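The values are calculated or read from the model by the stated rules, or taken from the named source; none is laboratory data. For clarity, every value in this text was computed on a predicted model and none was experimentally measured. Using ideal geometry, Cβ is built from the backbone for each residue, glycine included, and neighbour counts are taken over all protein chains shown.
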């Protein structure tokens, strides 16, 4: 199928999935995979093949950059020790355990190929993890640990994959090269990512100083950062994935500095759309390719394939649960990076961290990147089976891990942390005091009665915000009611303006351009008026 038609069909599938998800109990990633499988029965869609290099380049950099960008750096640093234990220790354990078990279970699969499979399925995936947890009321620390782990373990998983792949293709393996390769790939990727992001931010700041701060231009340059980091890292033969993650983490909390309000709002909306669309494309493509993956292993009995897939999923879960619980208790006993309760690890939180182990796009792209032939010119041993088991792991983790998460959270009665809400509350009160002090000082220098009246009105507005945030609950509730009523009046007035505007347009009293200009202003005023009462 031509690329343009395929792209339009992918976007249509994402739109259909986004609409249907409100009427089904399925999370959006699983629903999109199902839609992809259904679409694969349409003429021209049964043989879709995706170039893994192109897949990685087009989709993964912006998605990982956006996920790393939104990960709070302070909380990431606080959770670094448990994250490193998961992203490094668990990956190594998984590669070894999966390799030996699958080689024992499937003797026709060489041990080096089994290690390759272990490296492919070892990393949890940031794309799938965020997509299945972002709307769930998980505690903030659990969200930070799971998301940070899925961002960092791509580096260790890909290093293990390259080493295992080299061993499977050449028959040569040297354990002494592991540490050197890891330092080269990971360390080089971090340096490249930070350098590219710094250069891009400096370029945008220079353009702003030269009065070229157009929001569209600034957003475009931001979108180019992850692609630049990935391509630069790959050109230098270091980890492009980790370069993108490092660029996103370095940009977190700094990208908005120096930008205008229009540029920040524009960037947020563009990145929101990009993340939604690209995440959706990943899962629809997975569904489109499942039928083709099954044809490559049709010489195996269906029951055997199901047994292999379930055994692999079960092993991954046993390893993860054991590692999470053991490492948490050791950190608590040794007082090493422990950030939980003083009484010890909470079994409910450990269960959630253990269960949030979804695989996704990185696993798929890595599996598809396995060469069809090895150095000797012979076919890669059991390549189709490895690709099938990787795809089956994605499906099983989405279904058996992602799908029960809402039920599991309700069953454990573990609500989200209130620390972010407290921080936001305190921050709003602090900035309101700063505004009060500034306006109070400036108002003393005003001579015009109208200007002083406006300053007093502004002071009263900020004082009202403080009453809502820190005042007596009864008075705060009464003021919130008054604010809600005033908001309804403003919205009613804006609605009347919009209705009259469209009447003028229908009567040809104004043209389309005038309609768009005025309606954009009305939309902005409506959005401001619809800010929730608790935000003043």
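Is there a residue being closer than 28 Å to residue 311 by Cβ, without any contact (Cβ under 8 Å) to a residue 12 or more places away in the chain, assigned by TED's automatic domain parsing to the domain that holds residue 160 and in contact with a helix residue (DSSP H, G or I) (Cβ under 6 Å, 6 or more places away or on another chain) anywhere in the stretch 86-106?
Taking every residue of the stretch 86-106 in turn, at least one turns out to be closer than 28 Å to residue 311 by Cβ, without any contact (Cβ under 8 Å) to a residue 12 or more places away in the chain, assigned by TED's automatic domain parsing to the domain that holds residue 160 and in contact with a helix residue (DSSP H, G or I) (Cβ under 6 Å, 6 or more places away or on another chain).
So the check is Cβ under 6 Å with 6+ separation or different chains; which pairs have a first residue in the stretch 48-64 that's in contact (Cβ under 8 Å) with a residue 12 or more places away in the chain and a second one that's outside any helix (DSSP H, G or I) and surrounded by 15 or more Cβ atoms within 10 Å (Cβ to Cβ)?
Here the result reads 52/369, each pair linking the stretch 48-64 to a residue that is outside any helix (DSSP H, G or I) and surrounded by 15 or more Cβ atoms within 10 Å (Cβ to Cβ).
Would you confirm, using the coordinates I've provided, whether residue 45 is in contact (Cβ under 8 Å) with a residue 60 or more places away in the chain, buried (at least 19 other Cβ atoms within 10 Å of the Cβ), touching a helix residue (DSSP H, G or I) at 6+ places or on another chain (Cβ under 7 Å) and closer than 22 Å to residue 392 by Cβ? Give the steps one after another, and end with the answer.
On the way: in contact (Cβ under 8 Å) with a residue 60 or more places away in the chain: yes; buried (at least 19 other Cβ atoms within 10 Å of the Cβ): no; touching a helix residue (DSSP H, G or I) at 6+ places or on another chain (Cβ under 7 Å): yes; closer than 22 Å to residue 392 by Cβ: yes.
No, not satisfied.
Working carefully through the options 172, 191, 111, 117, find the one that is assigned by TED's automatic domain parsing to the domain that holds residue 311, modelled with pLDDT of 80 or more, surrounded by fewer than 21 Cβ atoms within 10 Å (Cβ to Cβ) and within 24 Å of residue 378 (Cβ to Cβ).
Values: 172 fails: modelled with pLDDT of 80 or more; 191 fails: within 24 Å of residue 378 (Cβ to Cβ); 117 fails: surrounded by fewer than 21 Cβ atoms within 10 Å (Cβ to Cβ).
It is 111.
If residue 406 passes every condition in (1) outside any loop (DSSP other than H, G, I, E, B); (2) modelled with pLDDT of 85 or more; (3) surrounded by fewer than 18 Cβ atoms within 10 Å (Cβ to Cβ) but one, which one does it miss?
Residue 406 satisfies all of (1) outside any loop (DSSP other than H, G, I, E, B); (2) modelled with pLDDT of 85 or more; (3) surrounded by fewer than 18 Cβ atoms within 10 Å (Cβ to Cβ) except (2).
When you look at residue 458, is it in the same structural domain as residue 430 (by TED's automatic domain parsing), at pLDDT 75 or above and either surrounded by 14 or more Cβ atoms within 10 Å (Cβ to Cβ) or within 17 Å of residue 430 (Cβ to Cβ) (or both), yes or no?
Working: in the same structural domain as residue 430 (by TED's automatic domain parsing): yes; at pLDDT 75 or above: yes; either surrounded by 14 or more Cβ atoms within 10 Å (Cβ to Cβ) or within 17 Å of residue 430 (Cβ to Cβ) (or both): yes.
The answer is yes for residue 458.
Any residue at all in the stretch 474-484 that's surrounded by fewer than 17 Cβ atoms within 10 Å (Cβ to Cβ) and at pLDDT 85 or above?
Within the stretch 474-484 (the criterion being surrounded by fewer than 17 Cβ atoms within 10 Å (Cβ to Cβ) and at pLDDT 85 or above), the answer is no, since none of the residues qualifies.
For every residue, the table says whether it meets (1) buried (at least 17 other Cβ atoms within 10 Å of the Cβ); (2) without any contact (Cβ under 8 Å) to a residue 60 or more places away in the chain; (3) in the same structural domain as residue 410 (by TED's automatic domain parsing); (4) more than 30 Å from residue 10 (Cα to Cα).
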residue	(1), (2), (3), (4)
297	yes, no, yes, no
305	yes, no, yes, no
314	no, yes, yes, yes
330	no, yes, yes, yes
352	yes, no, yes, yes
387	yes, no, yes, no
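Scan the stretch 364-380 and tell me whether some residue there is surrounded by 21 or more Cβ atoms within 10 Å (Cβ to Cβ), in the same structural domain as residue 317 (by TED's automatic domain parsing), under 19 Å from the mean Cα position of the chain (by Cα) and assigned to a loop (DSSP other than H, G, I, E, B).
No, the stretch 364-380 contains no residue that is surrounded by 21 or more Cβ atoms within 10 Å (Cβ to Cβ), in the same structural domain as residue 317 (by TED's automatic domain parsing), under 19 Å from the mean Cα position of the chain (by Cα) and assigned to a loop (DSSP other than H, G, I, E, B).
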